[in-house]
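What follows is a single structure, written as structure tokens, with notes after it.
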Amino acid sequence: MEFLHNYNLRAHNTFGIDARCNMFADYATADEAKELALWLKENNRAGMPLLIIGGGSNLLLTQDFPGIVIHSVIHGLQVSIEGDEVFVRAGSGMEWDTLVARCVSNGWYGLENLSLIPGDVGASAVQNIGAYGTEACDTICRIEAVDLKSAQTVTIDASDCAYGYRDSRFKHEWHNRFLITHVTYRLSRRFTPLLDYGNIRSCLAENGLDHPTAQQLRDVIIDIRRNKLPDPKIQGNAGSFFMNPVVERSKFDALQLQYPQIPHYPIDALHEKIPAAWLIEQCGWKGRSQGNAGVHERQPLVLVNRGGACGKEIVQLCEAIRTDVRQRFDIEITPEVNIV
């Protein structure tokens with residue numbers, strides 16, 4: 001284990017923010033994660049702030065971080081098959097889309113709708129990533145981690161994580177408590193395509209694919225995402241910056257009277273989900289800039305670094321958008337990005 005001092009985090013956040021931390025360390029095995037936990041227990045008596053990161057695709061740094069940043073580089077897969085069920089155990093530092101690609105190519109199904117989402121495997125269990133009608137929690141069955149309180153390895157059942165829309169206990173009472181080492185997903189050797197979300201069916205039809213294979217579905221989803229989302233390697237961003245708000249049915253009914261074309265997705269008998277992108281576009285923010293920060297031209301849910309933006313500029317843009325949405329629709333939109 002080696003700590004790097006005064007370490008630049010620019011390569012560890014997809015916004016491309018130039019910020020530093022006091023100390024930085026990777027862990028490449030579960031034993032190294034345990035060693036880090038023991039070091040923190042014995043040496044961090046001053047209580048330096050701690051930040052555990054994945055691929056940095058859900059992170060906005062607003063200043064230098066005055067503490068310790070820890071990052072997993074555990075890779076590799078172990079697979080066991082029981083009948084039609086496939087249990088895939090992935091290292092927490094593995095790139096998420098690499099995992100999806102491996103699973104699809106091997107005929108292990110269930111992750112294909114989550115293709116091309118940036119980030120690492122460990123973050124999928126924290127954030128409960130989701131897209132096109134699928135969430136990570138639909139397939140996660142257990143998480144292996146090192147508990148920073150005890151410096152012991154633990155196995156956490158998915159049912160104990162209180163998964164919700166872009167949410168889990170790892171973001172609340174378990175924040176900064178665990179160094180995740182592995183995540184196990186329960187997949188299937190039977191392909192059951194999920195096509196009734198967004199424009200998946202229309203894009204498949206354009207390609208003459210009435211009955212797509214998993215690879216064809218993955219390819220179409222990748223094309224959809226590339227057409228509407230900027231590549232963070234070219235233009236700094238963290239993907240979808242805001243969560244889609246869920247409102248009570250009575251509020252939605254009132255909005256629909258005023259805006260008959262408002263898009264929506266039923267949650268239950270009492271609630272509707274409204275796309276935050278639509279709300280933002282209605283407020284005139286699509287394609288606009290404020291300083292070096294801006295709203296993407298094709299997807300208003302995405303805030304971008306036009307070049308040289310600092311984290312505070314992006315926060316200022318975020319707050320201006322939230323204010324306009326609140327004033328026009330009386331709806332709060334909440335960032336899903338971790339602002340530090």
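Tabulated data for the structure shown
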item	result
For the chain, accessible area per residue (1.4 Å probe, heavy atoms of protein chains only), Å²	46
The range 37-106 shape via C-alpha gyration tensor axes, a/c threshold 1.5	oblate
Computed over the range 25-165, the ratio Rg/Rh where both radii use C-alpha atoms and Rh is Kirkwood	0.98
Theoretical ellipticity at 222 nm over the chain - DSSP helices of four or more residues, -39500 (n - 2.57) apiece, nearest 500	-8000 deg cm²/dmol
Whole-angstrom gap from the range 311-340 to the range 103-127, using each part's C-alpha centre	28
Those trypsin sites (Lys or Arg not before Pro) in the range 256-311 that DSSP places in a loop and that have at most 13 other beta carbons within 10 Å	R298
Solvent exposure, largest accessible area first (probe 1.4 Å, DNA, RNA and ligands not counted), of E248, E272	E248, E272
For the chain, with +1 on Lys and Arg beta carbons and -1 on Asp and Glu, the positive-most of G83, Y165, L50 along the dipole	L50
Carbon and sulfur %, accessible surface of the chain computed with the full protein complex present, 1.4 Å	46
The range 25-115: relative contact order as a whole-number percent, Cα under 8 Å and 6+ apart	24
Test item: Cα-centred dipole of the chain, Lys/Arg +1 and Asp/Glu -1 on Cβ, debye	580
Where T98, T153, T139, T62 fall by accessible area, highest first, once all protein chains stay in place (1.4 Å)	T153, T98, T62, T139
Length gained when the stretch D147-N43 is fully extended (0.36 nm per residue, less Cα-Cα span)	35.8 nm
Theoretical gain in end-to-end length, A162 to I267 [0.36 nm per residue, Cα-Cα removed]	36.0 nm
GluC sites (Glu not before Pro) restricted to the range 139-216 and DSSP loop, no more than 15 other C-beta within 10 Å	E173
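The values are calculated or read from the model by the stated rules, or taken from the named source; none is laboratory data. Everything numeric in this text was worked out from a predicted model, so none of it was measured. As a convention, Cβ positions derive from the backbone with ideal geometry for all residues, glycine included, and neighbour counts pool all protein chains shown. The accessibility values were calculated without ligands, DNA or RNA, using every heavy atom of the protein model including side chains. Shrake-Rupley method; radii C 1.70, N 1.55, O 1.52, S 1.80 Å.
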